[in-house]
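This report refers to the structure that appears directly beneath it.
The values are calculated or read from the model by the stated rules, or taken from the named source; none is laboratory data. Note that the structure is a prediction, hence the values are computed from the model and not measured. Here the Cβ is made from the backbone with ideal geometry for all residues, glycine too, and neighbour counts use every protein chain on show. Just so you know, the surface numbers come from the protein's heavy atoms only, side chains and all, with ligands and any DNA or RNA stripped out. Shrake-Rupley method; radii C 1.70, N 1.55, O 1.52, S 1.80 Å.
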Amino acid sequence: MFAVKVPATSANLGPGFDTMGLALELYLEVQLEIKSSRDIELYFNGDDKEIIDNKPEDNLLIRAMNRVFQESGREMPGLRVTVENRIPFGKGLGSSAAAIAAGVHAADFLLEQRFSRKQLLKWAVEMEGHADNIVPAVAGGLTTVMLYDGQVYFQKLDFPDEIELIVAIPDFNLPTEKARSILPEKIELKKTVANLQRACFFLASIYNSDFNSINMAMDDTIYQPLRKQFIPGFEQVLHEAGNSGALGVALSGAGPSILAFTINNKEVIGEAMQRAFKANGINSRIIYLRANNSGVKIFT
Ligand code: HSE
């Protein structure tokens, strides 16, 4: 028996659309046990278990495992798989990326770690489509990713311990395809430059532990102004978080969750964000987290 534990992730972080992501201390945990018979038994505990696909052949985690076994040319053994999930689905917190990351690493462990991390990442990104969630789920911390000549490259920064994270999770889902369907093919040079400046500024601010201007650095000009049509109260939540002392705030991945950073007064900020959603007719749950700096872990 062994277990794989993978963190949730928040992609984009404002200006870093499809580029930056942060791993969060909120987890998908999977226990796996080899059986003598060839079938897969799947059991679920935790959040959203009723909407996870119970059929092993359709389940993302099992599909990711199958992909790695196919590449290896070996047959997947029969398994008893128990999933304990705390990452809500359809909320912009990387639940699919976590399932895929868990699947490729579990398969590789069963295959006695024959594939490189780079290779596993490449397959995981192919399955997920968005490297900015997969990479922090695997590596932990604050990551910046680059796809070049079909390969996945990334850099990781340990996220500062003193920054606390506030996640406002509204009680509706926003499918990533819908959130991407309204994005333009082309972007004005001025907006592109603004986001590039801010994304670089954000990373350097974290690297230098100088958090004074990250509120400006997290102010995206490209996709949030378009996605906010799907998120009632979006602007008000951002505004209230900032007014209550957040260091920076942004849509988490494709949304609809909203992520804020702070050094202190997290409850004041969280409650202000919740009130702003409520004022727009939306119930929300607030969770307080730290960043995860270690990524995928396997326990034996
Ligand atoms: N960068 C992606 C997006 C993340 O915002 O569409 C989706 O998980």
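The table below lists the values:
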| item | result |
| --- | --- |
| Residue range of the chain that is longest and free of trypsin sites (Lys or Arg not before Pro) which are both DSSP loop and sparsely packed (at most 10 other C-beta within 10 Å) | 39-185 |
| 0 to 90° range, to nearest 10: angle between helix 189-207 axis and the chain longest Cα axis | 70 degrees |
| Fraction of accessible area attributable to carbon and sulfur, the chain (%, probe 1.4 Å) | 48 percent |
| Under DSSP loop assignment and at most 12 Cβ neighbours within 10 Å, longest GluC sites (Glu not before Pro)-free interval of the chain | 189-300 |
| The stretch 110-181: chymotrypsin sites (Phe, Trp or Tyr not before Pro) in DSSP loop, at most 11 other beta carbons within 10 Å | none |
| Segment residue 39-residue 89, length gained on full extension (0.36 nm per residue, minus Cα span) | 15.4 nm |
| DSSP bridge pairs, the chain: antiparallel proportion in percent, nearest 5 | 85 percent |
| Gyration tensor (Cα) of the stretch 49-155, equivalent ellipsoid semi-axes in angstrom | 21, 19, 11 |
| Counting all C-alpha pairs of the stretch 236-300, share separated by more than 18 Å (%) | 38 percent |
| Per residue accessible area in Å² of the chain, where ligands, DNA and RNA are left out and the probe is 1.4 Å | 46 Å² |
| Estimated FRET transfer efficiency (residue 278, residue 74; beta-carbon r; R0 41 Å; 0.05) | 0.20 |
| Förster-model FRET efficiency, 35 Å R0, residue 226 and residue 201, C-beta, rounded to 0.05 | 0.95 |
| Under the Debye formula (equal points on every Cα, no solvent term), log10 I(q)/I(0) of the chain at q = 0.15 Å⁻¹ | -1.13 |
| P(r) of the stretch 164-289 over all Cα-Cα pairs, binned every 10 Å from zero, in whole percent | 13, 42, 35, 10, 0 |
| The chain: angle of helix 234-243 to the longest principal axis, Cα-based, in degrees nearest 10 | 70 degrees |
